Amino acid sequence: MKQLLTPIRLGSMELRNRVVMAPTSMMLSLEEKIDFLGQVADGGAALIYVGDMGVEPGMPAKDLSLLTPEGLDNCRRLLGRLHQGGARGGAQLYLWDYDPAGLMELYRTGATREEIRAYKDDRLGEYVDTLPQERIQEIVDHFADAAQAAQEAGFDMVQILGGHLLNSFSSGYLNHRRDAYGGSVENRARLACQVAEAVRRRVGKDFPIEYKLAVHDDAIPCGQGGPDIREIGVFVTALEKAGVDAFQAALSNRSVIEDTVPPRNHKVFSEEGCFLYVSDEIKKHTSLPVSCAGKLSSPDFCEELIASGRLDYIAMSRQLVADPQWVTKVAQNRESEIRRCIFCNKGCLGSLLTRQKFHCVLDNAH
Ligand SMILES: Cc1cc2nc3c(=O)[nH]c(=O)nc-3n(C[C@H](O)[C@H](O)[C@H](O)COP(=O)(O)O)c2cc1C
Ligand code: SF4
């Protein structure tokens, strides 16, 4: 029996095997999303997340949303389809690290992508450093509200995205606060832990919470968000104490997007399993289940990661976009039929950047 195909528990939830679809936002209509993610469920993935679900009223209303009755109805429909395919559904919770009202105004006036990026980058430091404590408490409550909404809509778990605002608060570079949220590593971990504690209190002890822990590494020029990888132990221990059941390792999103979703010829992250050095570091500090994404694609390599205990479950985004049947083909010893992702970033990530229809260049049918 392949270890990849054995079940695992994240908190109280059992996954049917060790392969999950990493959060993957898609430029598709609701029906197309339900259809495509349904194919990923039918193809054997154990857990599929809805990526980037905003937690604060005022963030853009998406078709799959925890903030509106219609968004929640759409989530219920998606979850019905995922469950029909035997997969679990997870909600990835996140919050911007800039003033929502200012950004929405830019969207309304039709600002270009570059203008929006500049707005975010210019205001980031000031926003993090001056966010009043009452607003912080409100933000913590909003994460808990969103988690509760996810639970009530039928999601099987939530993932708290340690990106964006939580990433900036965690970073010694981006956070210059002088209060209890800035300075020492413990202080910089405080907001993440308060969010995890509030979510745990709200969803009860049996609802699984995963934390996507996004770090930077001073030894590699790839952004400055999140804790430095050498500070990770403080975060892991504190988040576990706060009630987190599992971790997903990642590189900070305060970098260029190609660093977190690296193309084939990336100057640093060119190899399969390019972010495993982050999960290796997390595993030194916890016995909770740990997963990691990053160009994982080959069945033998993934099997070895699980069999050796280097990872507890495998997260894949682009490989499951390229072939939603990956798990089934592995289970049926049809590995040679797997359509291997070439990490071109054209149809999947490219479509988000150019606001065109999400697809894989290997299959125009998506
Ligand atoms: C099209 C696309 C959309 C993504 N959307 C999200 C997202 O909403 N939230 C997130 O945390 N990561 C997102 N990611 C990053 C993936 O979850 C994953 O960490 C990254 O692609 C590396 O894994 P891979 O090599 O298996 O693709 C996205 C990646 C792609 C390609
Ligand atoms: S478009 Fe390219 S990177 Fe994206 S899934 Fe297809 S082969 Fe992989």
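The values are calculated or read from the model by the stated rules, or taken from the named source; none is laboratory data. Worth saying up front: this structure is predicted, and the values here are computed from it rather than measured. Glycine gets a Cβ as well: all are built from the backbone with ideal geometry, and neighbour counts include every protein chain shown.
Structure summary
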read-out: Subset of region 344-355 that is within 9 Å of M27 (Cα to Cα) and buried (at least 17 other Cβ atoms within 10 Å of the Cβ) - its residue that is nearest to ligand 2 (Cβ to nearest atom); value: C348
read-out: Output for region 110-127, where each listed residue is surrounded by 17 or more Cβ atoms within 10 Å (Cβ to Cβ) and at pLDDT 80 or above; value: Y127
read-out: Residue satisfying condition, being at pLDDT below 95 and buried (at least 18 other Cβ atoms within 10 Å of the Cβ), within set Y107, Y98; value: Y98
read-out: Residue among F358, F301 that alone is near ligand 1 (Cβ under 9 Å from one of its atoms), surrounded by fewer than 22 Cβ atoms within 10 Å (Cβ to Cβ) and among the hydrophobic types (A, V, I, L, M, F, W, C); value: F358
read-out: Members of region 146-163 found to be surrounded by 18 or more Cβ atoms within 10 Å (Cβ to Cβ) and of a type in the set (D, E, K, R), listed by number; value: D156
read-out: Condition check for S25: under 17 Å from the mean Cα position of the chain (by Cα), closer than 30 Å to A101 by Cβ and within 16 Å of ligand 2 (Cβ to nearest atom); value: yes
read-out: Number of the exception - L213 against (1) in contact with a strand residue (DSSP E or B) (Cβ under 7 Å, 6 or more places away or on another chain); (2) free of Cβ contacts under 8 Å to residues at least 40 places away in the same chain; (3) of a type in the set (A, V, I, L, M); value: (2)
read-out: Filter result (among the aliphatic types (A, V, I, L, M) and surrounded by fewer than 23 Cβ atoms within 10 Å (Cβ to Cβ)) within region 164-190; value: A180, V185
read-out: Failed item in (1) surrounded by 19 or more Cβ atoms within 10 Å (Cβ to Cβ); (2) within 30 Å of Q39 (Cα to Cα), with G86 passing the rest; value: (1)
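Yes or no, residue by residue, for (1) out of contact with any Phe, Trp or Tyr (no Cβ under 7 Å at 6 or more places or on another chain); (2) assigned to a helix (DSSP H, G or I):
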{"residue": "R9", "(1), (2)": "yes, no"}
{"residue": "P23", "(1), (2)": "no, no"}
{"residue": "E31", "(1), (2)": "yes, yes"}
{"residue": "F36", "(1), (2)": "yes, yes"}
{"residue": "Q39", "(1), (2)": "yes, yes"}
{"residue": "A45", "(1), (2)": "yes, no"}
{"residue": "V50", "(1), (2)": "yes, no"}
